Amino acid sequence: MSAGGDATDVGRAAVPGCPFCGIVAGELPARVIWETDLVIAFRDIAPVAPVHVLIVPRAHVPDALSLDASHAALLAELAIVGRRVAEAEGVASSGYRLVFNVGEDGGNTVSHLHLHLLGGRPMAWPPG
Ligand code: AMP
Ligand code: ZN
C-alpha cells in the first residue's frame with residue numbers, strides 16, 4: 001500500500017548513526033510489523049502501553065519541524081498505516097493515540113521522524 005510518491009522524493013538518504021535509518025536499512029534489529037514503499041512500522045523497544053508501535057518514514061526526515069507541503073503523501077501514509085496497524089493489533093475499536101513528540105518540551109529523543117501508535121489501555125488527558 002502506498003499513498004503515492006516515491007521513497008526518494010521526501011527526506012534525505014540514510015544518515016550515519018541514525019538508529020531508525022539503521023532499522024530501515026536492515027542493519028539494526030527491529031520487530032517490524034508493517035512495511036510500505038514510504039514507511040516502516042516496528043514495535044517500540046521500551047513500550048509504554050500494551051500496543052506501542054513506531055511508524056517511521058524510510059527516508060530520513062529529522063522531525064515534525066522539518067515538514068512542509070512536499071511531505072503531504074508521506075503524512076497521509078503515516079496516518080493510514082496507523083489505522084492499519086491499529087486494526088491489526090486489535091485496538092481500532094477500543095481506541096488508540098497517535099503522537100509526534102517534537103523538541104525538548106515535546107520529549108523527542110530520536111532525530112528521525114516517527115509517529116507513536118499507543119493503545120491497549122485508556123490514555124490520560126492531558127498527557128504528562
Ligand atoms: P521520542 O521520544 O518521541 O523521540 O521516541 C523515541 C522512541 O524510540 C522511544 O519510545 C524509544 O523507546 C524508541 N526507540 C529508541 N530506539 C529504538 C530501537 N532501536 N528500536 C525500537 N524503538 C526504539
Ligand atoms: Zn534516520
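What are the pairs with Cβ atoms under 8 angstrom where one residue, in segment 18-36, is surrounded by 12 or more Cβ atoms within 10 Å (Cβ to Cβ) and the other, located anywhere, is among the hydroxyl-bearing types (Ser, Thr, Tyr) and not in a helix (DSSP H, G or I)? Sequence gap at least six, or different chains.
Short answer, once both residue conditions are applied: Cys18/Ser111; Thr36/Ser2.
Out of all the residues in segment 66-80, which are within 16 Å of ligand 1 (Cβ to nearest atom), part of a helix (DSSP H, G or I) and within 27 Å of Gly95 (Cα to Cα)?
Leu78
Within segment 37-57, track down each residue that is away from ligand 1 (no atom under 13 Å from the Cβ) and surrounded by fewer than 17 Cβ atoms within 10 Å (Cβ to Cβ).
Asp37, Pro50
In segment 106-126, what residues are away from ligand 1 (no atom under 12 Å from the Cβ) and either over 16 Å from the mean Cα position of the chain (by Cα) or among the hydroxyl-bearing types (Ser, Thr, Tyr) (or both)?
Answer for segment 106-126, where residues must be away from ligand 1 (no atom under 12 Å from the Cβ) and either over 16 Å from the mean Cα position of the chain (by Cα) or among the hydroxyl-bearing types (Ser, Thr, Tyr) (or both): Gly120, Arg121, Pro122, Met123, Ala124, Trp125, Pro126.
If the requirement is being in contact (Cβ under 8 Å) with a residue 60 or more places away in the chain, more than 20 Å from Leu28 (Cβ to Cβ) and of a type outside the set (Val, Ile, Thr), which of these qualifies: His71, His116, His52, His112?
Only one candidate qualifies: His71.
Tell me, yes or no, whether segment 58-65 has at least one residue that is of a type in the set (A, V, I, L, M), within 14 Å of ligand 1 (Cβ to nearest atom) and closer than 25 Å to Gly128 by Cα.
yes
None of the figures in this text is laboratory data; all of them are computed from the coordinates on show. Bear in mind the structure is a predicted one, so any value in this text is a computation, not a measurement. All Cβ positions, even for glycine, are placed from backbone atoms using ideal geometry, and neighbour counts span all protein chains on display.
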